[in-house]
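No lab work stands behind these numbers, since they all come straight from the coordinates. If you're wondering where the values come from, they're calculated on a predicted model, not measured in any experiment.
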Amino acid sequence: MKKTLTTLALASLLGVYLAGPGMAQAPAAKKAAAPAYKVPATARVAGKPDLSGVWSVMNTANWDIEPHAAKSALMMRAGPIVPVPAREVLAMGSIGAVPAGMGVVEGGTIPYTAEGRAKQRENQANYIEWREKGTPTEHIRGRDPEVNCYLPGVPRANYMDKPFQIFHSDKAMLIAYEYAGATRNVLFGDVGPAPVDSWMGQSAGKWEGDTLVVTVTGQLDSTWFDRAGNHHSGEMKVVERWTPTGPMTMRYEAEITDPQTFTRPWKMSMNLYKHVGEDARLGQFKCVEFVEELIYGHLRKEPLK
């Protein structure tokens, strides 16, 4: 009997893995749609969902928002048979390797214009740059703004490898990010256009039921979406949707509109997870001082070798 049950179990597993589109399969049972999450009254502020807390993602979008396989480095060069890590990142070994990801872009591929995709590939190929200037003749710079500790912009700030915290009252909302000490004030009401372009832009919020909708404008064109060189122009508008899906989870969506870089608006979406216990706090990662040697080291009177 035991042998028979084992055989049946193996046959069932093989059926799952080997059955293809052209092979007959038993119809899958229809799964009942889960009811929409109802935010309880105890988790509301002035009648709206209380989004306060420390949040982070559990994906690899900061490496590449498009679907991607694991690879040995962010920056590659031609090898004798297959591409190998570029000399600028070679010493990073497995620490500098790129983990695989299913992507967060709706449809899988960003709808770049031909020029936009060409620039993305150039960014990726030159993630770390060597420049000739002064003595010694070479110094290294990061093309990715994250390498240089520039503020990450929106939406990238929300899916980096470091958490962020939402402070929410009945009148105001502040989002603080561990990376570089970045912050955003979410302004409610008619706030008008952004008075000046900035790294994090201007965030104007409104509620649609239990979903917080934030329109972000006035961002500089200097930020990237990820470490894969995906970029935008200064014309970009981001419309975020923050929707609680459970006591400790939230769905985040961002629609990107930028006619200068993309052929049409497109959307990314992902889950956010609330931290509890000792993890429910931000650490300090004020990285400006960490990159002083990278950016200014070559300007020493006697540069280090």
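How high is the relative contact order of the chain? Use alpha-carbon pairs under 8 Å, at least six apart in sequence, and give a whole percent.
20
Dividing the alpha-carbon Rg of the chain by 2.2 N^0.38 Å yields what? It would help to have the intermediate numbers written out before the result.
On the way: Rg = 23.2 Å, N = 305, 2.2 N^0.38 = 19.3 Å.
It is 1.20.
I'd like the distance between the alpha-carbon centres of segment 175-210 and segment 38-71, rounded to an integer number of Å.
Computed from Cα coordinates, the inter-centre distance equals 17 Å.
What residue among Tyr159, Tyr179, Tyr37 shows peak mean-square fluctuation when the chain is described by a Gaussian network model with Cα springs under 10 Å?
Residue with maximal mean-square fluctuation among Tyr159, Tyr179, Tyr37: Tyr37.
Running a GNM on the chain with Cα contacts under 10 Å, which residue among Leu90, Leu187, Leu220 ends up with the highest mean-square fluctuation?
Leu90
Say the cut-off is 27 Å between C-alpha atoms; which of Lys119/Lys267; Lys171/Lys274; Lys71/Lys286 go over it?
Correct reply: Lys71/Lys286.
Per residue of segment 106-113, what does 6.51 cos²θ - 1.76 cosθ + 1.60 with θ = phi - 60° give for ³J(HN,Hα)? Whole Hz please, x for Gly and Pro, Karplus curve as stated.
Coupling constants for segment 106-113: 5, x, x, 10, 6, x, 5, 6 Hz.
Across 5 Å bins from 0, what is the distribution of all Cα-Cα pair distances for segment 145-288, in whole percents?
2, 9, 18, 24, 22, 16, 7, 2, 0
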